[in-house]
Each structure stands twice: as structure tokens, then as C-alpha cells.
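Down below is the structure, laid out as C-alpha cells.
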Amino acid sequence: MPKAKFDPLSQFRAPLNYELAGKDFHIILDDGNEISVRFIDGENLQWSDNCGPYIWEKYECLKADDNTYFVHVNTAAGEGKLNYCLILDLLQDLVTFIKLEEGKIEESDRLILVTPVFGAIKIQGRALPENRHHFTDRMVGRRIVWQYSSGFNKMHIYYKPTLYRLPRVDSDSFRRRYAAETDPEEKARLKGYVDRFDRTEEAYPFAEEPCFHITINEHMNLFCFVEENETLCDPLKAIGGGGIVLLQDLDRLVQNGLGFGKGSYAFCTGYGREVFEPDEVESEEAPYDETKLKTIPCIYDIKFE
């Protein structure tokens, strides 16, 4: 019997959640837009922008805690290139809306534009909540190893409020494995890594990518990054470009969210372990030009007191 294969990000994915079925939400966003969402059942919803006609869409949902839901919509009209994420916080009646757009950044069609917008849920007979989810720097200085599958884990180093890092990859180990591998399929996969290192190791010595952190509640964080430097440092612009949007339960160290890349969007779940010893890359000077980063433009407007 052939060995089962899993997406390395989604093998441990939590079950989809269907509790929003039959619920309606009128959402007021801080950019002036209004959204009406009707969850028809566990897989279909109707979506209306600014009192326009309702459009049917498919959706998927993960539940992050007792009152917080992560909804993903791959829009039919966007032909796979326009995706929405809704973070519904039913305890505070708050919403964070995230738009993911392909093909908007001329440097590479791999890069995805990420736009977060804060808002609130309008409840009939009540004033709109005044508070909002908000950008935060509370994760800076932490390091967490996230396990996504039996063979895939990553340590996220929350280096700055708008930049995160990964430990340096041991490229020599990939080269040794490639030289010793006899299975043609695995050898071809490893050759892809070796080719990447050969092209980019000097220009991209370690991963540092744009990100943002948003406080949802006392124990829940929303984290997003895009692999933009990796793409820009590759002469062929053939790698990177993907990213992730994750609701992180900071008490239980469990995160649920969406891994994304050009033409690829999938829910994932990670289980964390805190690391307290600094990694060597935390003292490295980055060779990247932060002023050229375009995938998450909100990072240039975030202010921390």
C-alpha cells in the first residue's frame, strides 16, 4: 500500500467548525465599508458589500476559542486570486477583516498583498463598540517552535513588531542528503532546495520577513507574514511569496489559520513549544532593504507608544 502523503502545513489541522451556520452578521469596517454576511449552512454563505446584492460563496471555518472564529472565503469572482479572512470575535462583537490579493505587486506575481482592516459587529438596539482589535508589539522577544505535522516544524522568532525571523538553514545538510539519496522523487525534491541555496544563500542568508501582530483578546494573537524578501533575493523570483495568517492561543500555544501562496490556500494547525535561549540570527545584521517591502503596507503605519 502506498504511503499516505500530507500537506506539511495541514496534517494536524483542527476539524472544520460549523457553528456559524444560520447566523447573520452586519459588520461595520473602519475604512467606511459595510459587509453583511449570512452563513446559510456549514459550507455556504451569502455576502453583500455596502448594501449591494448578495453573492453566494463557499467558506471554511476554524474555531480558535469559545468565542473566536477564523473564516476563509476564496471568492468565486476573484478566480482564486482574491481571498478574504474574517476573524469574528463574538465576545467583544469585534471583527478583523483581511484581504489577500494576488497579482497586485509588479516585482513578482508570487507575492500576495495583505490588507487588514478593523471593525465591529452591529447589534440591533446597541451602540457600535468603541474598542477594536489592534496592532501589538507584545510578542517581540519571544521564540516558539510550531509543529505542523509529524515531519515539519518551524521556530518563529518574533524579532520586531513588523519583522520576524527563522533560524539559519543548514544548507550543507541538504547537499549531503541530496548526494546520498537514491529515490528519484525525493532526490528531485532535494535538488530543488540545493538549487535555491546555490542561487540565494549569499543574498538571503537567513529568513527575515514582514509581519504584523494583532491583539484579539488577552490570550489570543493574530499573526501574519509574507515571504517577500525570499522572493526578492532570488534572481529567478521562483521561490517564496507565500505566507500565513494565524490565530495564536498564547495560553495553550496552539495556532489555527491559513497558509497561503500563489494559487494555494489551506487551513493549518500548529502546536507550540516556547524557546528561551536566543538564536544566533537574533544578533545578525540583515542585508535586506525594508523600504522595498510591499506585501504588507500597513507595517509602515503601525505606531507603538
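The values are calculated or read from the model by the stated rules, or taken from the named source; none is laboratory data. The shown structure was predicted, so the numbers you read here are calculated from the model rather than taken from an experiment. Positions of Cβ are backbone-derived with ideal geometry, glycine not excepted, and every protein chain shown enters the neighbour counts. Accessible surface areas use protein heavy atoms only, side chains included; no ligands, DNA or RNA. Shrake-Rupley method; radii C 1.70, N 1.55, O 1.52, S 1.80 Å.
Suppose the filter is in contact with a Leu (Cβ under 7 Å, 6 or more places away or on another chain), farther than 23 Å from Leu86 by Cβ and buried (at least 21 other Cβ atoms within 10 Å of the Cβ); does Glu228 pass it?
So Glu228 fits the description; yes.
So in region 253-305, with the set limited to residues that are within 12 Å of the chain's Cα centre (by Cα) and aromatic (Phe, Trp, Tyr), which one is surrounded by the most Cβ atoms within 10 Å (Cβ to Cβ)?
Phe260
Looking at region 77-86 only, could you name the residues that are open to solvent by less than 70 Å² (accessible area, probe 1.4 Å) and either among the hydrophobic types (A, V, I, L, M, F, W, C) or free of Cβ contacts under 8 Å to residues at least 40 places away in the same chain (or both)? Walk me through it before giving the result.
Here is the first cut: in region 77-86, the ones open to solvent by less than 70 Å² (accessible area, probe 1.4 Å) are 78, 80, 82-86.
Matches in region 77-86: Gly78, Leu82, Tyr84, Cys85, Leu86.
Mind counting the residues in region 36-63 that are surrounded by fewer than 16 Cβ atoms within 10 Å (Cβ to Cβ), farther than 15 Å from Tyr18 by Cβ and among the acidic types (Asp, Glu)?
Residues in region 36-63 being surrounded by fewer than 16 Cβ atoms within 10 Å (Cβ to Cβ), farther than 15 Å from Tyr18 by Cβ and among the acidic types (Asp, Glu): 1 in total.
Provide a single number: the residues in region 146-170 that are over 16 Å from the mean Cα position of the chain (by Cα) and either free of Cβ contacts under 8 Å to residues at least 40 places away in the same chain or surrounded by fewer than 20 Cβ atoms within 10 Å (Cβ to Cβ) (or both).
Qualifying residue count, region 146-170: 9.
Got at least one residue in region 267-286 being without any contact (Cβ under 8 Å) to a residue 24 or more places away in the chain and either in a strand (DSSP E or B) or in contact with a strand residue (DSSP E or B) (Cβ under 7 Å, 6 or more places away or on another chain) (or both)?
No, region 267-286 contains no residue that is without any contact (Cβ under 8 Å) to a residue 24 or more places away in the chain and either in a strand (DSSP E or B) or in contact with a strand residue (DSSP E or B) (Cβ under 7 Å, 6 or more places away or on another chain) (or both).
Quickly run through region 1-15 and pick out the residues that are in contact with a Cys (Cβ under 6 Å, 6 or more places away or on another chain) and either open to solvent by less than 50 Å² (accessible area, probe 1.4 Å) or at pLDDT 95 or above (or both).
Leu9, Ser10
Could you grab me the full set of residues in region 87-106 that are of a type in the set (A, V, I, L, M, F, W, C) and open to solvent by 10 Å² or more (accessible area, probe 1.4 Å)? Write out each step before concluding.
Our first condition is that a residue be of a type in the set (A, V, I, L, M, F, W, C); within region 87-106, this holds for 87-88, 90-91, 94-95, 97-98, 100, 105.
Selection gives Leu90, Leu91, Phe97, Ile105.
Out of region 150-172, which residues are farther than 20 Å from Pro287 by Cβ and touching a strand residue (DSSP E or B) at 6+ places or on another chain (Cβ under 9 Å)?
If we filter region 150-172 for residues that are farther than 20 Å from Pro287 by Cβ, which is where we start, we get 150-156, 158, 161, 172.
Within region 150-172, Asn153, Lys154, Met155, His156, Tyr158, Pro161 qualify.
In region 191-224, how many residues are surrounded by fewer than 19 Cβ atoms within 10 Å (Cβ to Cβ), without any contact (Cβ under 8 Å) to a residue 60 or more places away in the chain and not in a loop (DSSP other than H, G, I, E, B)?
8
Which one of these does Ile28 not meet: (1) in contact with a Lys or Arg (Cβ under 9 Å, 6 or more places away or on another chain); (2) under 21 Å from Phe225 (Cα atoms); (3) assigned to a strand (DSSP E or B)?
Answer for Ile28: the failing condition is (2).
Answer with yes or no whether Leu45 is aliphatic (A, V, I, L, M), in contact (Cβ under 8 Å) with a residue 60 or more places away in the chain and part of a strand (DSSP E or B).
no
Tell me, which residue of region 107-131 that is within 18 Å of the chain's Cα centre (by Cα) and open to solvent by less than 60 Å² (accessible area, probe 1.4 Å) is farthest from Asn229 (Cα to Cα)?
Phe118
Residues to consider are Asn67, Asn74, Asn33; find the one that is within 30 Å of Asn229 (Cα to Cα) and open to solvent by 40 Å² or more (accessible area, probe 1.4 Å).
Answer to the check: Asn74.
For the list (1) charged (D, E, K, R); (2) over 16 Å from the mean Cα position of the chain (by Cα); (3) within 22 Å of Phe135 (Cα to Cα); (4) at pLDDT 95 or above, I need the number of the one condition that Glu227 fails.
Failed condition: (2).
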